[in-house]
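Take a look at the structure set out below.
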Amino acid sequence: MSPGKISTLDFDKFYNIIDGKQRGSDQIHHGVNPTSGEKLWDVPIASEQDLNDAVAAAKKAFPAWRDTPIEKRKELLGQLAEAFQQHNDEFVTLLCKESGKPKKFAAIEVGGVAAFIGYHCALSIPSEQFEDEEKTVYTEYSPLGVCAAICPWNFPLVLSTGKVAPALLTGNCMIVKPSPFTPYTALKFVELAQSILPAGVLQVVGGNNELGAAMCSHADIAKISFTGSIATGKKVMQSAAKTLKRVTLELGGNDASIIMPDVDIKKTAPEVVMGAFQNSGQVCVATKRIYIHADIYKEFLQEMVNFTKTLKVGNPDDGDNMLGPVQNQMQYERVKTFFQDSKDKGYTFAAGTADVAAAGNKPGYFIQPTIIDNPPNDSRIIQEEPFGPIVPTQPWTDLDEVIARANNTNTGLAACVWGADVEKASAVARRLEAGSVFVNSWEKLTPRAFFGGQKESGIGGEWGTTGLLAYCNPHVIHVYKL
Ligand code: NAD
């Protein structure tokens, strides 16, 4: 296919893309539409040979792509963003089918693709130099080579392209492995890219967890950028250690929101609810523990409950729906255990009901958003990440104590502080052990700022200028004067 040509894409057929070409497989799997439980299209599972071929094609493509001037790489990425936008509606429909998210939110995710690419294309790779009497020392950043992106199912498109854009911009080749639960949009995005990018620069291999593991131990892959659970992240790091691969691990979180006593209750409570239930709580940076000052606890919780009751849950096409289903059955069953545990322990359901099935909208994996009022510190709902629409609230009185409570977790992805006194709220934000802290907003990530977790929420990070360096080796050239 000639550069610049916009391909005609068939949104009913899905392939692995290896060395610029579509490839099927003897082994097939399929996603499930979470709103209906219906089987979606067949997708090929890449074999070991497919992975080896993709790595070989990327290795072959790498020198020319690395040596392509960055302005030219940006131009091609810009063309890719434009070509993608021409298929905007098809990608929205596809994303709704594979993820179940309401159309308006699927549209935001699809819109995020061009925004992520466009923003990255506005960046420059940083460099430094210093000079003394005898030499000039240049610190430059060169690409790593063949990188792999292992992606989760909650934002299948934007989290994949959020890895592709910085990797390709910095001169790397990238092989994407989507989640087996949501392979479709990522497969199609990479297929679309073949009309613009040289063969081997961007490839995709669909498959299961074993394929991800094979990527992590592949000798010719220089870096794994992984987004997913903490448990899998640890496995990725362990197997990557054998070849000393670079890793970026974007993992789970248990984000705290601290509500100061001076907040505007009516305005803030709905926002805090959105932070907890965005994408039905299936967000790494969703608010997962809410600490409300005791003086306003009752009133604030009541406002949260009132707003939560207005959130409509249902299929993507009803424009009023704010929340879709849980994305897959495995996750649905897991989220239900938090309901059962809360019911068994006798916790108070301030909003929602202990009986998920009664609230659901069978046959999809629907769960009504649910608030648990003041469960104990050692409860599962406080200690673990449910990754679904259920969130606990607790009161606090002493600032030092609540900061300690918020920090008392093995995770450190994001957090929020809400207060009318912005300086005071910002001072609290600086004491929270999390990679990104939001003051007077729920967790709204932007490609313009670095994103990564502290503690077990990850290693390294991506996005922003600092994020570009995650795809580079520092390359220091010491030039002595003659
Ligand atoms: P997961 O860890 O089950 O799977 C993520 C990806 O890893 C999938 O593509 C999967 O096939 C692959 N995989 C599974 N086993 C593997 C192995 N042994 N080696 C290599 N790859 C393997 O995670 P998930 O259920 O898809 O996503 C949910 C989790 O991801 C939540 O904990 C959430 O908080 C986290 N998450 C984090 C971020 C972030 O940016 N920090 C963003 C979204 C989701």
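Considering only residues that are within 16 Å of the ligand (Cβ to nearest atom), of a type outside the set (A, V, I, L, M, F, W, C) and either surrounded by 22 or more Cβ atoms within 10 Å (Cβ to Cβ) or part of a helix (DSSP H, G or I) (or both), which ones fall in region 386-413? Those that are within 16 Å of the ligand (Cβ to nearest atom), of a type outside the set (A, V, I, L, M, F, W, C) and either surrounded by 22 or more Cβ atoms within 10 Å (Cβ to Cβ) or part of a helix (DSSP H, G or I) (or both): PRO386, GLY388, PRO389, THR409, THR411, GLY412. Here is the figure for region 241-300: residues that are of a type in the set (Asp, Glu) and outside any helix (DSSP H, G or I) total 4. Of all residues in region 137-169, those that are surrounded by fewer than 24 Cβ atoms within 10 Å (Cβ to Cβ) and either more than 16 Å from the ligand (Cβ to nearest atom) or closer than 12 Å to ILE224 by Cα (or both) total 10.
Report, by residue number, each residue of region 199-229 that is touching a Cys at 6+ places or on another chain (Cβ under 9 Å), more than 8 Å from the ligand (Cβ to nearest atom) and assigned to a loop (DSSP other than H, G, I, E, B). Matches in region 199-229: GLY200, VAL201, ILE221, ALA222.
Right, LYS235: within 11 Å of the ligand (Cβ to nearest atom) and either outside any loop (DSSP other than H, G, I, E, B) or outside the structural domain of GLY171 (by TED's automatic domain parsing) (or both) or not? Yes: the conditions hold for LYS235. Residues in region 325-357 that are hydrophobic (A, V, I, L, M, F, W, C), without any contact (Cβ under 8 Å) to a residue 60 or more places away in the chain and assigned to a loop (DSSP other than H, G, I, E, B): ALA354 only.
Only residues that are free of Cβ contacts under 8 Å to residues at least 60 places away in the same chain and either part of a loop (DSSP other than H, G, I, E, B) or more than 23 Å from ALA406 (Cα to Cα) (or both) were counted across region 426-439, and they come to 3. Note on region 189-211: residues that are farther than 13 Å from ILE18 by Cα and buried (at least 24 other Cβ atoms within 10 Å of the Cβ) amount to 3. Looking only at residues of region 364-385 that are outside any strand (DSSP E or B) and among the β-branched types (Val, Ile, Thr), we find that the one that is surrounded by the most Cβ atoms within 10 Å (Cβ to Cβ) is ILE367. Only residues that are in a strand (DSSP E or B), more than 21 Å from GLY145 (Cβ to Cβ) and within 11 Å of the ligand (Cβ to nearest atom) were counted in region 455-470, giving 1.
The values are calculated or read from the model by the stated rules, or taken from the named source; none is laboratory data. Only a predicted model underlies this, so the values are computations on that prediction, with no experimental measurement involved. Glycine gets a Cβ as well: all are built from the backbone with ideal geometry, and neighbour counts include every protein chain shown.
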